[in-house]
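A short worksheet on the structure shown next.
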Amino acid sequence: MSADSELKVYGLTQDTSTNEYILVFDYKRNKCNGICANCNRYNTSSAWCRTCDPQNTAQGWTSGDKNVDDCIKEFQLKATSYEDVIEWIPFNRLDNIQKIGKGGFGTVFSATWLDGKRMLSDKYIASSTPSFIVALKTLPGSQENFLKEFKNFMQFRLMGSNLEVYGLTRNTTNNEYLMVFQYANRGSLHKFL
Ligand SMILES: [Zn+2]
C-alpha cells in the first residue's frame with residue numbers, strides 16, 4: 001500500500017467487537033482541485049473526489065442489461081479522474097454514423113457524439129466538449145465474450161495504449177453492442193479490424 005502514492009495512511013485502529021485491525025487511510029487531496037460538493041473535502045484530482053464521484057457516476061442510468069451495467073460500473077468505480085470515466089452512451093446520441101472498414105474482428109465506424117467527451121473547462125469545472133467525432137467498433141459474439149473483449153481493451157488502454165475509450169452503446173436497429181472510443185486516423189483504426 002505504501003507504494004500507492006495516491007493514498008495517505010493515517011494509522012491503525014481495532015474493531016473492538018471482532019478484534020480485527022483496520023487501516024485508516026484516505027486519498028491524497030489537494031486544495032487546487034477544488035472542493036467536493038458532497039463531502040466538503042478537497043478533491044483528489046481536478047473536479048473529482050475519488051470517494052464520492054465514482055459512486056455518483058455509477059448511479060442513475062441503465063443500459064437495460066445488468067451485465068453490461070455491471071461491466072461499465074466496475075470501471076466507473078475505479079476511475080481516478082473525471083475524464084477517465086466511461087459511460088453508457090444512448091445510441092440516439094450518436095449521429096452521422098459511417099462505416100470505415102470491416103474485418104475479422106469487427107466493423108469500425110465513425111460517428112458524431114452529440115454530447116461530446118468529458119473535459120474539464122478552464123476553471124477545473126466538470127464539463128464536456130461540443131459534439132465530437134468518435135470511432136465505434138462492433139463487439140461480436142455472445143454477451144460474455146464481448147464484455148470480455150471490452151475489458152481486455154480497457155486493460156490494454158491502462159497498460160499504455162493512449163487511445164481513449166468513452167464507453168459502450170447499442171445499435172437500436174440490430175441490437176448490436178459497440179465500443180465507443182477515440183477516433184484516430186484511419187491507419188490506426190484498421191488495426192482493430
Ligand atoms: Zn467527496
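Hey, any hits in segment 178-190 for a residue that's modelled with pLDDT of 90 or more and exposed (fewer than 13 other Cβ atoms within 10 Å of the Cβ)? No, segment 178-190 has no match at all. The C-beta contact set for segment 42-53 (first residue within 7 Å of the ligand (Cβ to nearest atom), second residue of a type in the set (D, E), distance under 6 angstrom, 6+ apart or interchain) is empty. Scanning segment 115-147 for residues that are of a type in the set (F, W, Y) and either buried (at least 19 other Cβ atoms within 10 Å of the Cβ) or assigned to a helix (DSSP H, G or I) (or both) gives a single hit, F146. All conditions in (1) of a type outside the set (A, V, I, L, M, F, W, C); (2) within 30 Å of F150 (Cα to Cα); (3) out of contact with any strand residue (DSSP E or B) (no Cβ under 6 Å at 6 or more places or on another chain); (4) not in a strand (DSSP E or B) hold for K102, with the sole exception of (4). Scanning segment 34-51 for residues that are under 20 Å from the mean Cα position of the chain (by Cα) and farther than 20 Å from V9 by Cβ, we see that the one that is surrounded by the fewest Cβ atoms within 10 Å (Cβ to Cβ) is S46. In segment 76-111, the residue that is surrounded by the fewest Cβ atoms within 10 Å (Cβ to Cβ) out of those that are in the same structural domain as K137 (by TED's automatic domain parsing) and among the small types (G, A, S) is G104.
The values are calculated or read from the model by the stated rules, or taken from the named source; none is laboratory data. In this text the structure is predicted, and so the values were computed from the model without any measurement. We place every Cβ from the backbone using ideal geometry, glycine too, and count neighbours over all the protein chains shown.
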